[in-house]
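J.: Here it is, the structure in full.
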Amino acid sequence: MSTYDEIEIEDMAFEPENQMFTYPCPCGDRFQIYLDDMFEGEKVAVCPSCSLMIDVVFDKEDLAEYYEEAGIQPPEPIAAAA
């Protein structure tokens, strides 16, 4: 599977109300990926309007702050980086 680009999680917008990360797509829509999907290991955000996809660069530990911002708990504890 070929992706359009590699984007750092910090460069994406986080929407706490629906626990989703977004990033502008060249087609005018936005790439989307859910926080829980990322927690489960998904690293590819897709655009709902075209066939483009991006790789999201993050460590699982990075997700803790977004769960806190959304006011929810992760599905299981997130281990701190050793």
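J.: Please identify which residues in segment 13-29 have an amide N closer than 15 Å to a label point set 7 Å out from the Cα of Ser49, following the Cα→Cβ vector.
T.: Output list for this probe position: 22-29.
J.: Accessible area per residue, 1.4 Å probe, Å², for the chain: what's the number?
T.: For the chain, the per-residue accessible area is 61 Å².
J.: At 1.4 Å probe size, with the rest of the protein present, what percent of the exposed accessible area of the chain is carbon and sulfur atoms?
T.: That fraction is 46 percent.
J.: Can I ask one more? Tell me the net charge near Arg30. Cut-off is 14 Å between Cβ atoms, Arg30 excluded, with +1 for each Lys or Arg and -1 for each Asp or Glu.
T.: -4
J.: Something else: Give the percent of DSSP beta bridges with both residues in the chain that are antiparallel, rounded to the nearest 5.
T.: Bridges in the chain that DSSP calls antiparallel: roughly 75 percent.
J.: Another question, then. Give me Rg/Rg_expected for segment 2-46, where Rg uses Cα atoms only and Rg_expected = 2.2 N^0.38 Å with N residues.
T.: 1.09
J.: For P(r) over Cα pairs in 10 Å bins from 0, in percent, pick the label among (i) 18, 52, 25, 5, 0; (ii) 16, 43, 25, 11, 4, 0; (iii) 17, 46, 29, 7, 1 that corresponds to the value derived from the coordinates.
T.: Computing P(r) over Cα pairs in 10 Å bins from 0, in percent and matching it to (i) 18, 52, 25, 5, 0; (ii) 16, 43, 25, 11, 4, 0; (iii) 17, 46, 29, 7, 1 gives (i).
J.: Tell me, what HN-Hα J-couplings in whole Hz come from the Karplus equation 6.51 cos²θ - 1.76 cosθ + 1.60 at θ = phi - 60° for each residue of segment 51-65, using x for Gly and Pro?
T.: Taking θ as phi minus 60°, the curve returns 8, 6, 9, 10, 8, 9, 9, 6, 9, 3, 4, 4, 6, 4, 5 Hz for segment 51-65.
The values are calculated or read from the model by the stated rules, or taken from the named source; none is laboratory data. Just so it is clear, the model here is predicted, and its values are computed rather than measured. A quick note on method: Cβ atoms are made from the backbone with ideal geometry, for glycine too, and the neighbour counts reach across all protein chains shown. Side chains are part of the model used for accessible areas, which takes the heavy atoms of the whole protein and leaves out ligands, DNA and RNA. Shrake-Rupley method; radii C 1.70, N 1.55, O 1.52, S 1.80 Å.
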